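The values are calculated or read from the model by the stated rules, or taken from the named source; none is laboratory data. Because the structure is a prediction, the values reported are computed rather than measured. Quick reminder, even Gly has a Cβ in these numbers, built from the backbone with ideal geometry, and neighbours come from all protein chains shown. For the accessible areas, the whole protein counts, side chains as well, though only heavy atoms, and no ligand, DNA or RNA atoms are used. Shrake-Rupley method; radii C 1.70, N 1.55, O 1.52, S 1.80 Å.
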Amino acid sequence: MVEMKKSVFAKYFTICIAFILVSITFLGAMLMLFASQYFKDEKYRTLLDGAQKAASVTYSEYEAGEGTVSLTTLRPFYQLLAAASDSQYFLTDNTGKTLFCSEGSSCDHTTHTVPGKILDIAAQGSYREIGTLDGITQQRNFTVAVPLINDNNLVVGFVFGTTDSNELTRFLMELLKMFLLSSAGVLLLTFVVLYFVTLKLVNPLRDMAAAAKQYGRGDFSRRLNVETFDEVGQLAEELKNMAQSLSTTES
């Protein structure tokens, strides 16, 4: 009897818990994957929107200056745009040389030239990456770039927008903490409920096993209380009927 209890209870409980753990793990992995992709897309969208606004203002200044731009006029706009989105924006000429940056003259971009392979992609419409702009920056950033195209359809410069990619790691870590705390609460509740549900399922089988053992010794005095009409209840009913028949036959 004890061995049957261990077998049925342990197997059923273990299978259910294993399935729940696998399901939660899969759900967590999918959540992190989709959240990561959403965060990236949102960052790229924000940066691209800012870069396009900066490009529009810059080209208006370029036309007004007949092929030149006033850095004094543009710098406040770039700095305001950067502060509003917690990002940096910088302007380069068509060779990739930085003309100015919203961070000021001490930023990494002003001492490097953006590689031509990046400019070639940006010239097609836009560019985006999570990286260091081929070694220009010291840490990996979200970066986008849009071209400045004049009336003759020639690229005269590029506007870059960039922001720290460590925000993604911080976001995912906070999301993971919330998910783990929520999962722990759900698992605890599930363990308790599943334990009692499994126990309720096993108890009738224990009673039937004890009754069958008693019937095997020729003692048919024990009666089973049938409380359900499922397969377990039907089995208990048949065992009760069998005991009554044997008791009548022997008497």
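Couple of notes before you dig in:
- Residue among Phe13, Phe34 that alone is buried (at least 16 other Cβ atoms within 10 Å of the Cβ) and either modelled with pLDDT of 80 or more or among the aromatic types (Phe, Trp, Tyr) (or both): Phe13
- Leading residue by the ranking (most open to solvent (accessible area, probe 1.4 Å)) among those in region 20-31 that are more than 30 Å from Thr162 (Cβ to Cβ) and within 11 Å of the chain's Cα centre (by Cα): Phe26
- Qualifying residues in region 132-164 (those that are hydroxyl-bearing (Ser, Thr, Tyr) and open to solvent by 10 Å² or more (accessible area, probe 1.4 Å)) - the one nearest to Phe90 (Cα to Cα): Thr137
- Cβ separations smaller than 6 Å between residues 6+ apart or across chains give the following pairs from region 15-35 residues that are under 24 Å from Thr169 (Cα atoms) to residues that are open to solvent by less than 50 Å² (accessible area, probe 1.4 Å): Ile24/Ser183; Gly28/Phe179; Ala35/Leu175.
- Looking only at region 37-50, and only at residues there that are closer than 10 Å to Arg128 by Cβ and crowded, with 16+ Cβ neighbours inside 10 Å, the one that is farthest from the chain's Cα centre (by Cα): Leu48
- Residue match in region 149-158 (condition: under 27 Å from Gln37 (Cβ atoms) and part of a loop (DSSP other than H, G, I, E, B)): no
- Entry remark, region 100-117: residues being of a type in the set (Val, Ile, Thr), modelled with pLDDT of 85 or more and open to solvent by 10 Å² or more (accessible area, probe 1.4 Å) number 1 in total.
- Selection within region 77-99: residues that are part of a strand (DSSP E or B), of a type outside the set (Val, Ile, Thr) and within 37 Å of the chain's Cα centre (by Cα). The member of this set that is surrounded by the most Cβ atoms within 10 Å (Cβ to Cβ) is Tyr89.
- Cross-chain or 6+ apart pairs with Cβ under 6 Å, region 92-108 first and of a type in the set (S, T, N, Q), then modelled with pLDDT under 85 and open to solvent by 20 Å² or more (accessible area, probe 1.4 Å): Thr98/Thr110
- For region 233-247, the candidate set comprises residues that are farther than 13 Å from Ala211 by Cα and at pLDDT 70 or above; within that set, the residue that is surrounded by the most Cβ atoms within 10 Å (Cβ to Cβ) is Gly233.
- Verdict on Thr190 being open to solvent by less than 70 Å² (accessible area, probe 1.4 Å), more than 19 Å from Ala83 (Cα to Cα) and assigned to a helix (DSSP H, G or I): yes
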